[in-house]
Amino acid sequence: MKRCLTLLLAAVCFLQPFCLPVCAGGPDKPFKGCVALTFDDGPSGPITGKLLDALAARGVKATFFVCSYRIEKFPDTLCRIAEEGHEIGLHSCCHSYMHKMSREEVAEDITGCMQNVSECCGVRPRLFRPPGGLYSDALTEAAKDEQLSVILWSVDPCDWDPKNKNSIVSSVVRRVQPGSIILMHDLYAHSVTAAAEIIDRLQKEGYQFCTVSELAEFYGAELEPGGVYGNFPPSS
Ligand code: ZN
């Protein structure tokens, strides 16, 4: 009996990389876990376009937290993000910090951003990332009213800082774990180059990439409206 169980477990472990329902990208090593790449502050026209090319070439889906004022500049890019199967989350109208805003002010901002995304590409996001990751009770209550979960991150290579340009990849590869949410920005060419290398390196290590909603589902977490999540499972 024990031998049968061992054989069954071995078969499951062997097959797992090939039958995962949600995570894209084929690892060279045995499956290690799923992680989510997230990109804030876009869309950014040609830079986001190059990033989408790199993700498509590697069969990877990511999550984009977008701002209204960027959507107005690059509506076609937002539509491309949606059409190519990536997840879209809200990141406010104008990237103002929101932790000191009233519930009504937060609600007005979120509603405006939601409307922009919906009108542009017909998607109704279920995720919200507050600018700077700064939040308050008023913010989580307003997010709950809009049926949005608040998504933070667990790995931040600070790709916005030019000083870190050459250490983005090593910073992520060193700190990533199964269930990690990686924070990056589709604002800079060097972030696109780094994201491609991160994917290549982590796929070789046995990681697979998926969207934030898929990551939650994979690790058995229910995304509650108004709930705050930085990685999965939430308690890890
Ligand atoms: Zn931001």
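In segment 19-127, what chymotrypsin sites (Phe, Trp or Tyr not before Pro) fall in a loop by DSSP, with at most 13 other Cβ atoms inside 10 Å?
On the way: sites: PHE31, PHE39, PHE64, PHE65, TYR69, TYR97; in loops: PHE31, TYR97.
Within segment 19-127, the qualifying chymotrypsin sites (Phe, Trp or Tyr not before Pro) (loop, at most 13 other Cβ atoms within 10 Å) are TYR97.
Taking the C-alpha atoms of segment 125-179, how large are the radius of gyration and the largest Cα-Cα span, Dmax, in Å?
Values for segment 125-179 (Cα only, Rg and Dmax): 14.5, 41 Å.
Give me the percent of accessible area attributable to carbon and sulfur for the chain, probe 1.4 angstrom.
Carbon and sulfur together cover 54 percent of it.
Report, ordered by chain and residue number, the lysines lying within cross-link reach of LYS61, taken as a straight Cα distance under 16 Å and ignoring same-chain residues fewer than 8 apart.
Within the straight-line cut-off, LYS61 pairs with LYS50.
Working out 0.36 nm times the residue gap between CYS158 and VAL173, then minus their Cα-Cα distance, what length gain in nm do you get to one decimal? Don't skip to the answer; put the middle values down first.
Values: separation 15, 0.36 × 15 = 5.40 nm, distance 1.36 nm.
Gain in length upon complete extension: 4.0 nm.
Can you figure out the FRET efficiency of ARG80 with LYS165, using R₀ = 22 Å and their beta-carbon distance, to the nearest 0.05? List each step's numbers first, then the result.
Numbers: r = 26 Å, r/R0 = 1.19.
FRET efficiency, ARG80 to LYS165: 0.25.
Obtain the nm distance between the two label points defined at LYS100 and TYR69 by a simple spin-label model: each point lies 7 Å from its Cα along the Cα-to-C-beta direction.
1.8 nm
Over segment 177-224, what number does the Rg to Rh ratio reach, with both radii from the alpha-carbon atoms and Rh per Kirkwood? If you can, show how the numbers build up before the last one.
Working: Rg = 12.4 Å, Rh = 12.1 Å.
When Rh is taken as the Kirkwood radius, the ratio is 1.03.
Counting only DSSP beta bridges with both residues in the chain, tell me the antiparallel percent, nearest 5. Don't jump to the answer; show the numbers that get you there.
On the way: 2 of 24 bridges.
Of those bridges, close to 10 percent are antiparallel.
Need one word for segment 129-236: rounded, prolate or oblate. Basis is the Cα gyration tensor (sqrt eigenvalues a ≥ b ≥ c); a/c below 1.5 gives rounded, then a/b vs b/c decides. Display every interim value, and only then the final one.
Values: a/c = 2.52, a/b = 1.48, b/c = 1.71.
Oblate, because a/c is 1.5 or more while a/b does not exceed b/c.
Convert 25 °C to kelvin, take the viscosity as 0.890 mPa s, use the Kirkwood radius over C-alpha pairs of the chain as Rh, and evaluate the Stokes-Einstein diffusion coefficient in µm²/s, rounded to a whole number.
135 µm²/s
Taking a probe of 1.4 Å, how large is the accessible area per residue of segment 152-219, in Å²? Before the final figure, lay out each step's value.
Values: 2740 Å² over 68 residues.
About 40 Å² of surface per residue is accessible.
The values are calculated or read from the model by the stated rules, or taken from the named source; none is laboratory data. Since this is a predicted model, take the numbers as computed values, not measurements. Don't worry about glycine lacking a Cβ; one is built from the backbone with ideal geometry, like all the others, and counts go over all protein chains shown. Only protein heavy atoms, including side chains, enter the accessible area calculation; ligands, DNA and RNA are left aside. Shrake-Rupley method; radii C 1.70, N 1.55, O 1.52, S 1.80 Å.
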